[in-house]
Amino acid sequence: MSHPVATPSQQPPLACCLLPRVVGARHTRREEASDDCCRRHRPARVPQEPPARGPAPRRDEGLLPHLEPIALTFKQVLYERDAPIPHLYFPAGGVVSLLITMDDGAAIEVATIGNEGLVGLAAVLGVEVSTERAIVQIAGDALRMEADVVARAIRSGSPTHDLLLRYAQALMMSLAQTAACNRLHPMEERCARWLLQTHDRVRSDAFPLTHAFLAQMLGVRRATVTVAAGMLQQAGLIRYSRGVVTIVDRPGLEAASCACYRLIQARFDRLLG
Ligand SMILES: [Zn+2]
């Protein structure tokens, strides 16, 4: 089965989101008020926490020429566990999962990364090999940069260092919250959280998704996911057909999710907003 890009974006991929802060490009008001921008930066829908203390992180415009546009394809492995991380990826419309893999081949998703973040952070923090596998969950646009370029810039005092540290903290927070969520919250609420997080990162209400893939992402059996997704569909919150899920009732899906969705989003905004 082929998995198309969720929605091909014609505009320059600098529209979103962590990347503009790293290299100096800015959102325009038009982008923030339109579908050109991700949902996270549309007019405030989520109550904002007060910003973190301290000066706003500075940007490093010197990194801009090193960006390379790339198309992320479904199930593309960006890097493997115990392997070097050659590039940092800034997804613009695609979504990447970080998976912890066990020696017996079992795997579970510990984080999803879209336009709010970057993939390969460990490489710029001085870690030589990855502890997880990064795999493309939803195809889409991205920009990438050689990890060595960013690492050298940071060693030379790049002003983006503070921002990357804040992102590291936000990602750790997300990992911890997701671990607790996977252990404590009901399957249908976790399923709703996952769908909302993915919906935030793609530029479409419909995106490709198989039950088998979602089961791997949530670390449960496929039958369990089928029941949970069926409940959401029966409630009229999503529609699922031929490997494509459509978000039908976004507010309803938010109400069906555990609190982890809003908590993670609010903390991200506090650290990086
Ligand atoms: Zn939860």
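What the table below lists for this structure:
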{"item": "Residue among L263, L165 that alone is in a helix (DSSP H, G or I), at pLDDT below 90 and under 18 Å from the mean Cα position of the chain (by Cα)", "result": "L165"}
{"item": "First in segment 77-96 and under 17 Å from T131 (Cβ atoms) and among the polar types (S, T, N, Q), second anywhere and modelled with pLDDT of 90 or more and surrounded by fewer than 21 Cβ atoms within 10 Å (Cβ to Cβ), Cβ under 9 Å, 6 or more apart", "result": "none"}
{"item": "Residue within segment 211-221 that is surrounded by 16 or more Cβ atoms within 10 Å (Cβ to Cβ) and charged (D, E, K, R) present", "result": "no"}
{"item": "Conditions (1) under 26 Å from S241 (Cα atoms); (2) β-branched (V, I, T); (3) touching a helix residue (DSSP H, G or I) at 6+ places or on another chain (Cβ under 9 Å); number of the one not met by V149", "result": "(1)"}
{"item": "Count - residues of segment 113-128 that are at pLDDT 90 or above and either among the β-branched types (V, I, T) or over 16 Å from Y89 (Cα atoms) (or both)", "result": "2"}
{"item": "Count - residues of segment 153-196 that are touching a residue at least 12 places away in the same chain (Cβ under 8 Å) and within 16 Å of the ligand (Cβ to nearest atom)", "result": "21"}
{"item": "Residue identified as more than 20 Å from R270 (Cα to Cα), more than 16 Å from the ligand (Cβ to nearest atom) and in a helix (DSSP H, G or I) among V129, V150, V136", "result": "V150"}
{"item": "Residue that is crowded, with 18+ Cβ neighbours inside 10 Å and within 16 Å of the ligand (Cβ to nearest atom), where the choices are L253, L263", "result": "L253"}
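The values are calculated or read from the model by the stated rules, or taken from the named source; none is laboratory data. Predicted model, so just to flag it, every value in this text is computed and none were measured. Ideal geometry is used to build each Cβ from the backbone, glycine not excepted, and the neighbour counts take in all protein chains shown.
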